[in-house]
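S.K.: Let me begin by handing over the structure; questions about it come next.
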Amino acid sequence: MNFNNIIRAALIFIVAIVISGILYDCERELELVKFIDDYRSYKPEVRIEAILAPIQICDAEPCYQVIVRVDNSITIDDTTIFNGRDDNGNWRSYTDENGNGRYDFGEPLNDDLGRDGIAGQKDGFPARDKGEGNGKPDYGEPNVDEYDEILPLIHDSTAIVSLTNLNQQKTYPLVWKNIAANFQYLGRISDDKKENVYFSAYGGYVATANVIGLADTNDVFEFCVELPGRNLTVKGQTQLIPPADILNPGFPRVQDTLYIPYGAPGGIMWRSDPRSNVYNVRVDTVVSTSSGLEHLLVYEHPNFANRDLTAANGGIPVGFEPLTAELVPGLYRFIVTTLDENYGRYYFTSLPLKDPKNSNLRDQDGNVIIGIAGAMAATAIYFRILPNAGAKR
Ligand SMILES: [Ca+2]
Ligand SMILES: [Ca+2]
Ligand SMILES: [Ca+2]
Ligand SMILES: [Ca+2]
């Protein structure tokens, strides 16, 4: 399931909320004292993301068709979750190749990349920075405070969660799983100048039975999340959304694979349900390993219905993703995920998190609860970029 961007956005949102809607840029140093008035009285809140995802591209079990994540927000000055330590023992120090007990320029840094998480140059840019090659885990280094460490600390597994198909008057209990879904994300840039792909998983409440059944896009699903410890009962409704149709982009196609000369202009186009105009697109490289084919994340980002293409299509949304020169010859997989209009707005928004337009979740007194009840559906196509002497860019 391609929740990667969504999770990253959500984590940034958690931090952002305590600075009153000022967008937090993870790459910039902010002095916390400047915001102290904004977060002094802040009490951590609950955030709920309740998603119907019956049609997904799932490479690693488990693959549940309904997932509800219940997380606690944290304050920006919290040092218990982001503690700068390697709590699960997977951080790798530099390799002391010449055995002299210290880092010498040219030895592999591994995760010991310093606070900026980037291998520094001896006399160039970026410069070597604090904590780089010191043999100790530091804030900002890969495998320090990574998702595997922090997600279990923000999840709330004490809720009672259910899903009701209101049209069919059927209610299904959802159960907590420590691993509700797996995801990949890109890590920091290491010695070889590549963004490493990392794997992680998050916990949540899932449907273990087929709760979608014969439901269609007219059926209304209501999530109910009870948090007795907070004296909260939170509800939100959503409806199924169909996956996009990938349109013929004018490249030769054999079964599920497009054949595209390197440097050819154009891209991949799709048509979606009129209720969906925000998408998540993801490109994976397909690599052959000893255990079979593996799909590794190359990039992932939001995408939107293209105004001109949509107008030319009589107002039915059409999305377009250009193929970039970054995609060197090889085999790739393209995934486009449609989000229903509420989830799309939540996923890509400039509104404050508690804006009533941003969240469709309400507690028993009608108060806005951060999060979303939404639906998504994914579809995929493979494409092979061919080495091509003739094409010009
Ligand atoms: Ca050395
Ligand atoms: Ca270090
Ligand atoms: Ca770690
Ligand atoms: Ca840690």
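S.K.: Condition check: part of a loop (DSSP other than H, G, I, E, B), out of contact with any Asp or Glu (no Cβ under 8 Å at 6 or more places or on another chain), farther than 30 Å from P228 by Cα and in contact (Cβ under 8 Å) with a residue 60 or more places away in the chain. Does A60 satisfy that?
M.R.: Yes, satisfied.
S.K.: Is the range 312-331 home to any residue that is among the hydroxyl-bearing types (S, T, Y) and surrounded by 14 or more Cβ atoms within 10 Å (Cβ to Cβ)?
M.R.: no
S.K.: Next up: In the range 231-251, is there at least one residue being buried (at least 16 other Cβ atoms within 10 Å of the Cβ), more than 22 Å from I55 (Cα to Cα) and either modelled with pLDDT under 95 or not assigned by TED's automatic domain parsing to the domain that holds N178 (or both)?
M.R.: Yes, the range 231-251 has at least one match.
S.K.: Still on this structure, please answer the following. When the range 67-84 is examined, which residues are found to be among the charged types (D, E, K, R), at pLDDT below 95 and either outside any loop (DSSP other than H, G, I, E, B) or within 16 Å of ligand 3 (Cβ to nearest atom) (or both)?
M.R.: Residues satisfying the conditions do not exist here.
S.K.: When the residues of the range 110-149 are filtered to those that are polar (S, T, N, Q) and part of a loop (DSSP other than H, G, I, E, B), which remaining residue is farthest from N100 (Cα to Cα)?
M.R.: Residues of the range 110-149 polar (S, T, N, Q): 110, 121, 134, 143.
Next cut, part of a loop (DSSP other than H, G, I, E, B) only: 110, 134, 143.
On the way: N110: 17, N134: 13, N143: 25 Å.
Restricting to residues being polar (S, T, N, Q) and part of a loop (DSSP other than H, G, I, E, B), the top hit is N143.
S.K.: Considering only the range 130-142, how many residues are more than 18 Å from the chain's Cα centre (by Cα), within 16 Å of ligand 4 (Cβ to nearest atom) and either buried (at least 19 other Cβ atoms within 10 Å of the Cβ) or modelled with pLDDT under 95 (or both)? Working first, answer last.
M.R.: Quick first cut of the range 130-142, residues more than 18 Å from the chain's Cα centre (by Cα) only: 130-141.
Okay, now just the ones that are also within 16 Å of ligand 4 (Cβ to nearest atom), so 131, 136-141.
Checking the rest, the ones that are also either buried (at least 19 other Cβ atoms within 10 Å of the Cβ) or modelled with pLDDT under 95 (or both) come to 131, 137-141.
Final tally of qualifying residues: 6.
S.K.: While we're looking at this one, here's another question. I need the full set of residues from the range 362-372 which are crowded, with 23+ Cβ neighbours inside 10 Å and not β-branched (V, I, T), in order please.
M.R.: G371
S.K.: Tally up the residues in the range 171-199 that are surrounded by 14 or more Cβ atoms within 10 Å (Cβ to Cβ), at pLDDT 95 or above and either hydroxyl-bearing (S, T, Y) or in the same structural domain as D284 (by TED's automatic domain parsing) (or both), please.
M.R.: Counting residues in the range 171-199 that are surrounded by 14 or more Cβ atoms within 10 Å (Cβ to Cβ), at pLDDT 95 or above and either hydroxyl-bearing (S, T, Y) or in the same structural domain as D284 (by TED's automatic domain parsing) (or both) gives 1.
S.K.: Yes or no: the range 89-101 includes at least one residue that is among the charged types (D, E, K, R), at negative phi and away from ligand 3 (no atom under 16 Å from the Cβ).
M.R.: Yes: one or more hits.
S.K.: Same structure again: If the requirement is being β-branched (V, I, T) and exposed (fewer than 15 other Cβ atoms within 10 Å of the Cβ), which of these qualifies: V298, V283, V287, V278?
M.R.: V287
S.K.: Let me ask something additional. Of everything in the range 338-393, what is basic (K, R) and either at positive phi or in a loop (DSSP other than H, G, I, E, B) (or both)? Give them in sequence order. Let's see the steps before the verdict.
M.R.: At the first step, the residues of the range 338-393 found to be basic (K, R) are 345, 354, 357, 362, 384, 392-393.
Answer for the range 338-393, where residues must be basic (K, R) and either at positive phi or in a loop (DSSP other than H, G, I, E, B) (or both): K354, K357, K392, R393.
S.K.: State which residue is nearest to ligand 2 (Cβ to nearest atom) when the search covers only the range 95-116 and only residues that are surrounded by fewer than 21 Cβ atoms within 10 Å (Cβ to Cβ) and under 21 Å from N83 (Cα atoms).
M.R.: Result: R115.
S.K.: Quick one: would you say S350 is within 25 Å of E300 (Cβ to Cβ), surrounded by fewer than 16 Cβ atoms within 10 Å (Cβ to Cβ) and either touching a residue at least 40 places away in the same chain (Cβ under 8 Å) or polar (S, T, N, Q) (or both)? Steps first, please.
M.R.: Values: within 25 Å of E300 (Cβ to Cβ): yes; surrounded by fewer than 16 Cβ atoms within 10 Å (Cβ to Cβ): yes; either touching a residue at least 40 places away in the same chain (Cβ under 8 Å) or polar (S, T, N, Q) (or both): yes.
Criteria met by S350.
S.K.: Let me ask another. Could you list, in sequence order, all residues of the range 316-356 that are modelled with pLDDT under 95, more than 22 Å from the chain's Cα centre (by Cα) and within 23 Å of L240 (Cα to Cα)?
M.R.: P356
The values are calculated or read from the model by the stated rules, or taken from the named source; none is laboratory data. Keep in mind it's a predicted model, so treat the numbers as computed, not measured. Positions of Cβ are backbone-derived with ideal geometry, glycine not excepted, and every protein chain shown enters the neighbour counts.
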